[in-house]
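Single-structure report; data block below.
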Amino acid sequence: MIRVLALLIVFTIPSAVIAAQLEFKMKGNLRQSIAIPSEKNSRSVIILEPHMDQLVAYVGKPFNEMMDNALGQDWRKGEEILFTCLDGYQSSIPVKKFQRFKAWIVWNRKDGKPFEITNKLQNNEKVSLHPTYLVWENQKEKELLEGGANDFPYQVASIDVISFKDRFPKLAPPAGSNQKVQEGFLHFRKYCMNCHAIDGEGGQKAPDLKLLNPMVRLTKSELRQWLLSPQTVRPQTLMPPIAPKLPSREKVADLVIEYLESVLAKK
Ligand code: HEC
């Protein structure tokens, strides 16, 4: 009976007020789970919201501080942090980036407006950010501004300190791959695997690229156009272009294609 009631409550209260849990893991093992919103010591931060190109003040806590509290200092010796989101999105971000730039986990807007964005990059889709959203103090950082919405995962429900090689062995380029393929792999990790898996490894927000097999269905120049401006190919698509403000984006597209050609040919 209590369970039925709990279910009823979950389905009848608007999502913005549901208390949620944020999980902290080490190599897949749950270490801590904290209730969100976490009011104690919460503060606000103003960022240039990359999905909307405007300044927004959010309420949350600095990422490094939350990690130290949840996992102790050990995570700082780790390799990558994997963010897993309710909509199937995943971001794997090197620990080093959290040492170079300041990130925050946020769970509300300061002005009390709904905790959501209108995603310009995805056909103006309105999306909830709940339960948590990873943001960066990007206003004065050229590198972060050029990266746009990259490494800003929303709907984050779990944070895991991982070794990329152990967690995603199938994404590695074939042994002995040339420099271009290796570089393309790094770009793929940054710009594609958030949404797409290859053979089951990676994000679950878009179709698996092993099944889509673009190298068979599209010519290289069609694929290039798709990656640089998908909406010119299919106006309603939810796939965003590669970081629109990145000066080297055309080169990134070519390198990603080199990587895909090589990794999708792997048996
Ligand atoms: C935010 C999520 C997201 C990201 C990031 C993303 N995609 Fe997609 N992609 C999609 C979705 C959704 C589709 C499904 C097709 C549609 O919406 O029209 C798709 C479709 C595709 C297709 C199929 C195209 C076709 O003609 O059928 C390819 C190939 C592809 N993506 C490759 C990539 C590559 C390579 C990257 C990185 C540069 C990337 N995607 C980044 C969401 C994403």
Just checking, does the stretch 233-245 include any residue being within 22 Å of residue 148 (Cα to Cα), out of contact with any Pro (no Cβ under 8 Å at 6 or more places or on another chain) and buried (at least 18 other Cβ atoms within 10 Å of the Cβ)? yes
Go through (1) loosely packed, with under 15 Cβ neighbours inside 10 Å; (2) in contact with a Phe, Trp or Tyr (Cβ under 8 Å, 6 or more places away or on another chain); (3) in a loop (DSSP other than H, G, I, E, B) and name the single condition residue 150 misses. (1)
Would you please name the residue that is farthest from the chain's Cα centre (by Cα), looking only at residues in the stretch 206-224 that are surrounded by 16 or more Cβ atoms within 10 Å (Cβ to Cβ) and either more than 24 Å from residue 127 (Cβ to Cβ) or among the charged types (D, E, K, R) (or both)? 218
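Residue by residue, here is whether (1) more than 22 Å from residue 41 (Cα to Cα); (2) within 16 Å of the ligand (Cβ to nearest atom); (3) touching a helix residue (DSSP H, G or I) at 6+ places or on another chain (Cβ under 8 Å) holds:
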residue	(1), (2), (3)
61	no, no, no
64	no, no, yes
69	no, no, no
75	no, no, yes
78	yes, no, yes
81	yes, no, yes
86	yes, yes, no
89	yes, yes, no
Residue hits (the stretch 234-252; more than 7 Å from the ligand (Cβ to nearest atom) and not polar (S, T, N, Q)) are 235, 241, 243, 244, 245, 246, 247, 249, 250, 251, 252
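Got a sec? Which of 116, 146 is among the acidic types (Asp, Glu) and modelled with pLDDT of 95 or more?
116
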If a residue must be of a type in the set (A, V, I, L, M), away from the ligand (no atom under 11 Å from the Cβ) and either surrounded by 15 or more Cβ atoms within 10 Å (Cβ to Cβ) or not assigned by TED's automatic domain parsing to the domain that holds residue 230 (or both), how many such residues does the stretch 158-196 contain? 6
Please enumerate the residues belonging to the stretch 253-267 that are within 9 Å of the ligand (Cβ to nearest atom) and over 18 Å from the mean Cα position of the chain (by Cα). 253, 257, 259, 260
Any residue that is under 29 Å from residue 52 (Cβ atoms), within 7 Å of the ligand (Cβ to nearest atom) and free of Cβ contacts under 8 Å to residues at least 12 places away in the same chain - is there at least one of those in the stretch 209-225? no
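Between 88, 112, which is more than 14 Å from the chain's Cα centre (by Cα), over 15 Å from residue 49 (Cβ atoms) and not in a strand (DSSP E or B)? So that I can check it myself, show each step before the final result.
Numbers: 88 fails: more than 14 Å from the chain's Cα centre (by Cα).
None of the other options fit; the residue is 112.
The values are calculated or read from the model by the stated rules, or taken from the named source; none is laboratory data. This is a predicted model, so every value here is computed, not measured. Glycine also receives a Cβ, built like all others from the backbone with ideal geometry; neighbour counts cover every protein chain displayed.
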